[in-house]
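Inspection log for the structure reproduced underneath, given as structure tokens.
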Amino acid sequence: MPEILSAKGVTFGYLKEDNELNIVLKNISLSIQEGELVAILGHNGSGKSTIAKHFNAILVPQEGKVTACGIDTKNEEEIYRIRQQVGMVFQNPDNQIVATIVEEDVAFGPENLGIAPAEIRRRVDEALKDVGMYEYKDHAPHQLSGGQKQRIAIAGIIAMRPRCIILDEPTAMLDPKGRREVLTTIRKLNKEHNITVVLITHYMEEAAQCDRVVVMNDGELLFDSTPRDVFSHVQILKEVGLDVPQTTELCHELRRAGINLPDDILTEEECVEALTSLLEGVR
Amino acid sequence: MLRDITIGQYFPGSSAIHKLDPRMKIVLTLAYIVMLFIASNPIGLLIGILFLVFTYGISKIPPRMILKSLKPVVPIIIFTSVLNMFFIDGTPLVAFWIIKITLEGVTTAVVMSIRIICLIAGTSLLTYTTSPISLTDGIERLCNPLKRFKLPVHELAMMMTIALRFIPTLIEETDKIMSAQKARGADLETGGLMQRARALIPILIPLFVSAFRRADELALAMECRCYRGGEGRSRMKQLKIHSRDIFSGIFVAICIVGVILINVYAPVILPM
Amino acid sequence: MIAIKTEQLTYTYSQGTPFEKTAVDHIDLEIEQGEFVGVIGHTGSGKSTLIQHFNGLLKPSFGRVLINGTDLWAPDTNIRDYRFKVGLVFQYPEYQLFEETVFKDIAFGPTNMGMNPEQIKESVYQACHFVGLKEKYLEKSPFELSGGQKRRVAIAGVLAMNPDILILDEPTAGLDPKGRERILGQIKEYHRARHTTVLLVSHSMEDIAKYARKVLVINQSKVAMYDDVAKVFSRAQEITEMGLSVPQITRVFMQLRERGFDVNESVYTMDYAKQEILRLLAEKGV
């Protein structure tokens with residue numbers, strides 16, 4: 001698997017109003033391979049959005065080097081090539097939809113790239129089908145639910161045919177149904193179209209559905225591993241202001257009470273199985 | 001309460017008028033206005049009226065919508081009629097004290113009223129049958145030649161599109177902020193003018209702050225979607241002139257020629 | 001005493017137009033003074049419309065709303081008084097901040113109530129104390145604060161009116177786990193200290209399970225359930241059918257019960273879950 005995004009020794013900070021330097025990223029190194037589905041977790045202000053903004057050249061590192069699809073993000077001439085290949089979806093679905101009709105909005109990116117009209121038409125239709133919003137192509141965005149708007153935003157990105165999509169807390173403003181819709185959509189894009197996905201979130205159950213979880217805390221990488229491994233560190237995660245799934249937490253609590261249970265319980269089924277064998281073992 | 005305001009007066013439909021190219025519709029509407037003002041003869045004006053009856057007929061827009069669109073201009077019609085009636089010299093019909101109503105005055109008033117009514121009804125048909133977005137699109141493309149004179153045509157059209165896109169969002173937001181401030185006891189309904197103006201501050205400031213935040217985020221999202229102005233941009237929807245556009249053009253041209261011929265051959269009885 | 005009572009409360013949007021929609025449909029409800037109620041229901045179920053009736057922001061199309069026994073829309077009721085008695089915190093309340101300083105913004109409600117300067121000052125300080133806002137922030141502009149701080153300022157703006165009833169519409173939306181826990185903890189503390197009736201609208205069943213004592217389930221414009229947390233979450237099947245969920249831990253225990261283990265039929269908090277397992281193990285002599 002070739003590397004698609006890479007950060008090497010990235011440091012980034014800004015001056016606050018009182019002239020105090022606020023370091024947001026401290027010497028971060030991170031490499032993401034093509035086709036991965038990676039979650040970046042962290043509390044507000046942990047630097048998770050800042051690192052994401054480095055990957056499509058919204059921000060450039062003050063120290064260190066970031067490359068996206070092999071292109072150095074400091075190379076201003078290549079900035080639109082980077083942005084075409086590394087798409088970005090933001091938190092507020094309302095503030096990233098430009099046009100008054102769904103299909104016109106999805107066409108916005110390809111239009112900016114100067115693609116031929118017939119090809120745009122094809123890409124727009126395909127993108128809308130991929131996110132399951134084709135039947136809404138003539139609707140006005142304000143008639144849609146939050147989850148639907150966010151899927152339109154995703155369609156607008158994939159119509160540019162990127163290799164990678166970065167989603168910056170795409171579900172933070174959605175209800176549970178909208179969250180499920182968005183997550184199903186991005187998993188599908190990753191599995192069926194092999195698009196690399198970087199999902200920034202603070203919902204643990206979303207991170208648990210990814211292949212790899214990166215946890216950030218105060219501008220540093222805390223963990224970078226499989227969800228199973230990361231969530232086994234219940235105590236540390238709680239200390240840095242994050243949650244773990246209730247199932248994981250229950251097993252952790254019971255282990256602390258001296259009961260013998262595995263430390264890598266993640267899903268509901270695993271928890272039920274583990275508790276069943278625990279209780280049956282003493283029957 | 002604010003949600004009831006409809007923006008734009010577009011009536012979706014699939015009539016021949018709806019399907020016309022927006023550029024053609026804009027040009028034809030302008031041509032129609034010209035026609036109304038060169039018609040200096042009752043028969044000429046009649047053509048203008050019949051033209052409206054015909055086009056509204058095929059567009060399937062309910063005729064009561066004409067009345068709705070006329071409502072705001074009623075004061076203007078009355079005002080110009082009164083001016084014309086009293087201040088045009090000619091054969092007196094009624095005269096008392098210093099007021100004198102002349103035949104010429106009455107005819108001019110009637111003609112002017114018909115012109116204004118037709119003008120409003122005609123332009124309303126344009127907005128009734130053309131969505132704001134294709135109207136913007138049509139204007140942008142018609143104005144394209146002006147780019148040579150350094151007129152930012154694309155930018156203006158983009159501003160228009162974004163405004164249309166965000167009007168419903170901001171209306172909804174205003175509604176929410178008003179409710180939130182009312183929940184903190186803000187009194188928006190009573191008091192004198194000054195007091196009411198002051199009561200708007202808790203609504204306007206959050207609204208502006210939010211609009212700026214939205215603008216900021218939207219600009220970033222647009223840049224991430226490779227937006228860099230009109231240069232090198234293509235469009236998914238291409239406007240094409242169909243045979244129906246050509247026919248409608250010919251039809252309007254015939255009407256105009258007809259009006260001119262009537263003007264030439266029938267006795268001119270009205271001032272232009 | 002009954003704090004909130006509705007009789008056949010009905011609300012129809014855009015009445016008389018083709019877009020007519022009944023958002024609240026003949027709801028009869030009684031909420032006791034001092035109760036902590038979690039309100040759940042999916043988007044569009046009518047719960048937001050319902051709560052906006054409790055402080056008179058919306059006028060019923062039919063039926064009555066009584067607060068502390070007074071009909072809000074009776075001719076001699078001053079509806080504005082009830083805006084102060086029933087504090088309503090909207091979703092993303094930080095978007096309503098407008099004053100130059102945090103102090104003035106929190107004081108907006110109390111000033112509208114006609115409190116004198118001393119009372120205002122006291123209410124503002126108390127409200128700040130409840131939401132954990134340091135006094136040094138009071139003279140800052142609210143627009144300089146972080147997202148979480150703004151949220152707390154906005155909530156303080158409602159608490160400063162000393163409402164008898166406090167209604168919060170998803171007060172933690174968009175916050176990270178730490179911020180969520182902090183705000184909900186403060187609301188619980190406020191409830192404990194003031195015995196205020198609290199209605200908490202949330203999509204997080206885990207949060208409802210942790211903080212509320214009763215749950216009000218709104219489905220298709222009607223009250224589907226209104227009961228103790230344990231009783232509501234024991235009807236997991238029905239709740240799931242409404243497109244809602246129960247806490248993950250509750251689902252685990254329901255499966256254990258199905259497998260024949262003698263666990264309580266509604267386990268909804270972490271502590272309870274732990275105690276149940278330990279109890280079972282102890283019974284089996286471990």
Inset, instruction - Looking only at segment A:158-172, decide whether some residue is within 20 Å of B:Pro168 (Cβ to Cβ) and in contact with a helix residue (DSSP H, G or I) (Cβ under 7 Å, 6 or more places away or on another chain). - result: no
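Conditions (1) open to solvent by 10 Å² or more (accessible area, probe 1.4 Å); (2) closer than 25 Å to A:Phe12 by Cα; (3) outside any loop (DSSP other than H, G, I, E, B), marked per residue:
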| residue | (1), (2), (3) |
| --- | --- |
| A:Val198 | no, yes, yes |
| A:Glu206 | no, no, yes |
| A:Val214 | no, yes, yes |
| A:Phe223 | yes, yes, yes |
| A:Gly241 | no, yes, no |
| A:Ile259 | yes, no, no |
| A:Pro262 | yes, no, no |
| A:Glu273 | yes, no, yes |
| A:Glu280 | yes, no, yes |
Inset, instruction - Scan segment A:76-124 residue by residue and report those that are more than 8 Å from every other protein chain (Cβ to nearest Cβ), part of a helix (DSSP H, G or I) and more than 22 Å from A:Glu135 (Cα to Cα). - result: A:Glu76, A:Glu77, A:Glu78, A:Ile79, A:Arg81, A:Ile82, A:Gln85
Legend entry - Count - residues of segment B:152-185 that are touching a Gly at 6+ places or on another chain (Cβ under 7 Å) and within 19 Å of C:Gln52 (Cα to Cα): 2
Inset, instruction - Within segment A:7-47, track down each residue that is of a type in the set (Ser, Thr, Tyr) and surrounded by fewer than 18 Cβ atoms within 10 Å (Cβ to Cβ). - result: A:Thr11, A:Tyr14, A:Ser29, A:Ser31
Legend entry - Pair list, Cβ < 8 Å and 6+ apart or interchain, from segment B:66-77 residues that are surrounded by 15 or more Cβ atoms within 10 Å (Cβ to Cβ) to residues that are not aliphatic (A, V, I, L, M) and not in a helix (DSSP H, G or I): B:Ser69/B:Gln9
Inset, instruction - Within segment B:169-179, track down each residue that is within 14 Å of C:Phe98 (Cβ to Cβ), in contact (Cβ under 8 Å) with a residue 12 or more places away in the chain and facing another protein chain (nearest Cβ under 8 Å). - result: B:Glu173, B:Ile177
Inset, instruction - Mind listing whichever residues of segment B:145-161 are in contact with a helix residue (DSSP H, G or I) (Cβ under 8 Å, 6 or more places away or on another chain) and not in a helix (DSSP H, G or I)? - result: B:Leu151
Inset, instruction - Would you point out the residue of segment C:258-286, among those that are in a helix (DSSP H, G or I) and of a type in the set (A, V, I, L, M), that is nearest to A:Pro245 (Cα to Cα)? - result: C:Met270
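Per-residue answers, yes or no, for (1) within 30 Å of C:Gly109 (Cβ to Cβ); (2) of a type outside the set (Phe, Trp, Tyr); (3) touching a residue at least 12 places away in the same chain (Cβ under 8 Å):
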{"position": "B:Ala183", "(1), (2), (3)": "yes, yes, no"}
{"position": "B:Ala186", "(1), (2), (3)": "yes, yes, yes"}
{"position": "B:Gly192", "(1), (2), (3)": "yes, yes, no"}
{"position": "B:Ile205", "(1), (2), (3)": "yes, yes, no"}
{"position": "B:Arg225", "(1), (2), (3)": "no, yes, no"}
{"position": "B:Arg233", "(1), (2), (3)": "no, yes, yes"}
{"position": "B:Gly249", "(1), (2), (3)": "no, yes, yes"}
{"position": "B:Val257", "(1), (2), (3)": "no, yes, no"}
{"position": "B:Ala266", "(1), (2), (3)": "no, yes, yes"}
Inset, instruction - Select from segment C:233-249 the residues that are under 19 Å from the mean Cα position of the chain (by Cα) and either closer than 23 Å to C:Gln8 by Cα or open to solvent by 30 Å² or more (accessible area, probe 1.4 Å) (or both) and list them in ascending order. - result: C:Ser245
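Table: residues versus (1) of a type in the set (S, T, N, Q); (2) under 25 Å from B:Ala183 (Cα atoms); (3) surrounded by fewer than 18 Cβ atoms within 10 Å (Cβ to Cβ).
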| position | (1), (2), (3) |
| --- | --- |
| C:Lys136 | no, no, yes |
| C:Gly147 | no, yes, yes |
| C:Leu159 | no, yes, no |
| C:Pro163 | no, yes, no |
| C:Lys188 | no, yes, yes |
| C:Tyr211 | no, yes, no |
| C:Ala224 | no, no, no |
| C:Val229 | no, no, no |
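The values are calculated or read from the model by the stated rules, or taken from the named source; none is laboratory data. Computed from a predicted structure; not experimentally measured. Quick reminder, even Gly has a Cβ in these numbers, built from the backbone with ideal geometry, and neighbours come from all protein chains shown. Only protein heavy atoms, including side chains, enter the accessible area calculation; ligands, DNA and RNA are left aside. Shrake-Rupley method; radii C 1.70, N 1.55, O 1.52, S 1.80 Å.
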